[in-house]
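Step one of this worksheet: look at the structure below.
The values are calculated or read from the model by the stated rules, or taken from the named source; none is laboratory data. Small disclaimer: the values here were computed from a predicted structure and weren't measured. With ideal geometry, Cβ positions are generated from the backbone for all residues, glycine too; neighbour counts draw on all protein chains shown.
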Amino acid sequence: MPINYGNDTGKGFYKEEDLRIFLKAVESSIIKAPVKNEGRVLISDLWVISSLPKDLIIEVIETYKEELTVPEDIKEIFDDRANKILWKKEE
């Protein structure tokens, strides 16, 4: 995700940020999120808690599904806007 540092006057530059720096913020918001409907956490709740853009939260979860640290009582992370499961606990 390129971030523009400086003005668009030709003096600014872009820096590519690794999504991994947002992984801890997403994991922290998952821990703080209310668990609904028998183990479901909603993306909208993660957005309110973390203040990260929803698209960024979704991208981090989809990219780091295997590495995501999730509490035991959470069975799935659900995108309530698109009505799809982003992460589901392996049983």
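The sole residue among ASP45, ASP55 that is assigned to a helix (DSSP H, G or I), surrounded by fewer than 16 Cβ atoms within 10 Å (Cβ to Cβ) and on the phi < 0 side of the Ramachandran plot is ASP55.
Among the residues making up segment 70-79, those that are charged (D, E, K, R) and loosely packed, with under 14 Cβ neighbours inside 10 Å are GLU72, ASP73. So which residues in segment 74-88 are within 17 Å of PRO34 (Cα to Cα), outside any strand (DSSP E or B) and modelled with pLDDT of 95 or more? The answer is ILE74, LYS75.
From the list LYS65, LYS15, the lone residue that is in a loop (DSSP other than H, G, I, E, B), of a type outside the set (Ser, Thr, Tyr) and modelled with pLDDT under 95 is LYS65. Going through segment 58-91 one residue at a time, which ones are among the aromatic types (Phe, Trp, Tyr) and in contact with a strand residue (DSSP E or B) (Cβ under 8 Å, 6 or more places away or on another chain)? The answer is PHE78, TRP87.
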